[in-house]
Amino acid sequence: MAILNADLHCHSTISDGTLEPEALAARAHANGVELWALTDHDELGGQQRAMQAARALGLPYLTGVEISVTFAGLTVHIVGLGVDPEDAQLRDGLARTRGGRERRAREMAEQLAAVGIRGAFEGALKYVGNPELISRTHFARYLVEAGVCHDTHEVFRRFLTEGKPGYVEHRWATLGDAVRWIRTAGGVAVIAHPARYAHPNPTQEYALFAEFKAHGGQAVEVVTGSHSEAEALRYADLALEFGLAASRGSDFHSPDESHTDLGALPLLQGRLTPVWELLADRIIH
Ligand code: AMP
Ligand code: MN
Ligand code: MN
Ligand code: MN
């Protein structure tokens, strides 16, 4: 099982990806993915479609979601794999986590207007597939269209990250709630792309791992589209230190924007426990 080409992290139009769930399934299959999960932000609305498309292709599937969490003042993402998409507690928790996105987006647009970029709320809305899930990514796409920036990465750098004129603080779910929702829905909680968090010191990163584990978290993404080789090695060590299983996922959003395509990742190292070994009975064939 260890050498599976599993891709357990990506986004569809149900959140901030540009492809429909069916197109993602076809792309994963064409790229040689052997186990796939769609993990839209704070939303399960694409799960039935992804599952059905995967089944039609003979592609083994795990349900998924990526939950936005506020931990020690930072936004951290927790992926849930193998969750029951009908679980009431998980669905309620996600609905509450999504609430406030529109208000936040209007504030972002006001701040952008103050630096001379008008109509950003309406502009971002044009890219939104799910009205409950307006995200920074949609603003980034609009600012590229408007010619303000060359690409979405530049938009994040100049406007949408902490300290920049379009950034609005937001309070997401707590770490404990996110892990509990995932676990009560029968899933495994995974710390997403751990190298992407700007912890002010190593102690805070240690605290994230320790608290995650104490709440019942069981895995961490080691190989992801946003980790360098050195980062993958570092988090392989941390996974072993904390007794966490390892996950692998591209975090694919769009053929035009994502550096790493579905299935195009280095394999997990043999010394790690792949997260799918904890989820054997949750895989949908
Ligand atoms: P939100 O949930 O609205 O805060 O948006 C977060 C999303 O923005 C992430 O899931 C990524 O898709 C995207 N994102 C965050 N930071 C960057 C970045 N530096 N460059 C490109 N996309 C980013
Ligand atoms: Mn995203
Ligand atoms: Mn993420
Ligand atoms: Mn993601």
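Of the residues Leu4, Leu44, Leu35, which is under 18 Å from the mean Cα position of the chain (by Cα), closer than 26 Å to Leu272 by Cβ and not basic (Lys, Arg)?
None of the other options fit; the residue is Leu35.
Pick from segment 182-205 the residues that are farther than 22 Å from Pro274 by Cα and under 18 Å from the mean Cα position of the chain (by Cα): which of them is surrounded by the fewest Cβ atoms within 10 Å (Cβ to Cβ)?
For segment 182-205, the residue satisfying everything is Ala198.
So which residues in segment 34-86 are more than 16 Å from ligand 2 (Cβ to nearest atom) and either within 12 Å of His9 (Cα to Cα) or among the charged types (D, E, K, R) (or both), if there are any at all?
Those that are more than 16 Å from ligand 2 (Cβ to nearest atom) and either within 12 Å of His9 (Cα to Cα) or among the charged types (D, E, K, R) (or both): Glu34, Leu35, Trp36, Arg49, Arg55, Tyr61, Leu62, Thr63, Leu81, Asp84, Glu86.
Given the residues Glu169, Glu145, which is the only one that is under 29 Å from Lys213 (Cα atoms), free of Cβ contacts under 8 Å to residues at least 24 places away in the same chain and of a type in the set (D, E, K, R)?
Matching residue, one of Glu169, Glu145: Glu169.
Before we move on, is Glu169 within 16 Å of ligand 2 (Cβ to nearest atom), assigned to a loop (DSSP other than H, G, I, E, B) and among the charged types (D, E, K, R)?
Criteria not met by Glu169.
Read through the list (1) out of contact with any strand residue (DSSP E or B) (no Cβ under 8 Å at 6 or more places or on another chain); (2) in the same structural domain as Ala214 (by TED's automatic domain parsing); (3) surrounded by 21 or more Cβ atoms within 10 Å (Cβ to Cβ); (4) of a type in the set (Val, Ile, Thr), then give the number of the only condition that Val179 fails.
(1)
Any residue in segment 64-78 that is assigned to a loop (DSSP other than H, G, I, E, B) sitting within a Cβ distance under 6 Å of a residue that is polar (S, T, N, Q)? List the pairs, counting only those 6 or more apart or interchain.
Ala72/Gln204
I'd like the full set of residues that are over 22 Å from Pro274 (Cβ atoms) and surrounded by 23 or more Cβ atoms within 10 Å (Cβ to Cβ), limited to segment 48-68.
Ala53
Can you tell me which residues in segment 121-136 are acidic (Asp, Glu) and either more than 10 Å from Ala109 (Cβ to Cβ) or in a loop (DSSP other than H, G, I, E, B) (or both)?
Result: Glu132, single match.
Each row is one residue, and each column tells you yes or no for (1) more than 30 Å from Phe242 (Cα to Cα); (2) away from ligand 4 (no atom under 16 Å from the Cβ); (3) not β-branched (Val, Ile, Thr).
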{"position": "Ser135", "(1), (2), (3)": "yes, no, yes"}
{"position": "Lys164", "(1), (2), (3)": "yes, yes, yes"}
{"position": "Leu175", "(1), (2), (3)": "no, yes, yes"}
{"position": "Val179", "(1), (2), (3)": "no, yes, no"}
{"position": "Thr203", "(1), (2), (3)": "no, yes, no"}
{"position": "Tyr206", "(1), (2), (3)": "no, yes, yes"}
{"position": "Gly216", "(1), (2), (3)": "no, yes, yes"}
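The values are calculated or read from the model by the stated rules, or taken from the named source; none is laboratory data. No experiment lies behind these values; they were computed from the predicted model shown. Heads up, the Cβs are rebuilt from the backbone with ideal geometry, glycines too, and the neighbour counts pull from every protein chain shown.
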